[in-house]
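The next block holds one structure in the form of structure tokens; read it before the comments.
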Amino acid sequence: MDNCSCGARAIYTRKYEGNSYCASCFKDQFEKRVKRTIREHSLVGKNEVIVVGLSGGKDSSVSLALMKKIFGERPDIRIIAVSIDEGIEHYRDKSLEVTKSLTRKLGVDHYIVSFKTNLGKSIDDVMAARARGENKNLNSCTFCGVFRRYLLNRASRELGATKVCTGHNMDDEAQAVLINYLKGDLKRLARMGPSPAMVKNAKFIPRIKPLRDIPEKEVALYALITKAGNYWGECPYVSGIRFEVRDFLNDVEAKHSGTKFSFLRTFDAMLPVLRETATRSGLPEITECETCGEPCSGEICKVCELLDKLDVNLAPQETLETELVK
């Protein structure tokens, strides 16, 4: 491997740009790229309360550490961490220990919101029911994704958040674009992008993705260099098309360096047309769920539909039950 341009020994070479970096220069360049993404897409403004969805993995841990580093001295910006406890034994309980350690180190308020406490069922409960032959056509990711987004959005709103920051990196975004294309989901594609748009409602907190332009392996390297606390375990229930798409994109990238960048940049260039087309075809009217009162595009929201399959009636809660980490 070549030396870094500063003369130090390089630890990483970006094949797609042909430059090699030492640990210090890689860290500096990584942070500059994240700041550029935030600046170019106006992801953070004045007087913001930013909730970072913190799972304990490398992406969310790096996101929290960077948001704290970039905005921690701003008196008009408050950074809060929210972790969702899906109730997966020997996985989420271990990652939550990492999140607690990180937020204490950074001096960030940290709230934990539980599936079991607020929705009546954990993902372990869901999978136990499936093992008994119930809801065999729905995998854990179906329930987990819907429930997690619901609780993160609602907890953020109750904490007064103006933005929700997630750890989605470039690989995540490229995978999501290809999956929605393969499914023919134009409206979901139109809602993506560096500055999500289309569906607006006072109860929906806008999401930002400061790591969107960073490849996953570079996020992992930054986490190692900076010693950001992160949990490397993988969910035992993980399944679905995303992992086939991930392997496909990784295989193409290995053979043709820079493919993921090109793919995502092309999507961004097409996005205005996608949004215009989706608008012409008619956007769903946002109403309130008859059961829980949360925004949805029909009479019943997806959360309540899935809970009904689990024989759970979600009574409207004035506020979620959350645990503030001390």
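Rule-based calculations on the coordinates, nothing more; no lab input. Treat the numbers as computed from the prediction; the structure is a model and nothing was measured. So basically every Cβ, Gly included, is an ideal-geometry build from the backbone, and we count neighbours across all protein chains shown.
At a glance:
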{"read-out": "Cα-centred dipole magnitude for the chain, charges only on beta-carbon of K, R (+1) and D, E (-1), debye, nearest 20", "value": "1000 debye"}
{"read-out": "Taking the convex hull of Cα positions in segment 103-166, its mean projected area over all directions (nm²)", "value": "5.6 nm²"}
{"read-out": "Under 5 Å, built H, 5+ apart or other chain: amide partners of GLY57", "value": "TYR231"}
{"read-out": "P(r) tail fraction, segment 22-104 - alpha-carbon pairs more than 18 Å apart, %", "value": "50 percent"}
{"read-out": "Segment 149-201 - charge dipole about Cα centre, Lys and Arg +1 at Cβ, Asp and Glu -1, debye rounded to 20", "value": "320 debye"}
{"read-out": "Rounded to 5, percent antiparallel among DSSP beta bridges of the chain", "value": "35 percent"}
{"read-out": "Spatial extent of the chain: Rg and Dmax, with the Cα atoms as the point set, Å", "value": "20.2, 64"}
{"read-out": "GNM flexibility winner over the chain from ALA161, ALA128, ALA176 (Cα, springs under 10 Å)", "value": "ALA128"}
{"read-out": "D (Stokes-Einstein, µm²/s), Kirkwood Cα radius, segment 1-155, 0.692 mPa s at 37 °C", "value": "180 µm²/s"}
{"read-out": "Only Lys, Arg (+1) and Asp, Glu (-1) charged, at Cβ; segment 1-144 dipole about Cα centre in debye", "value": "320 debye"}
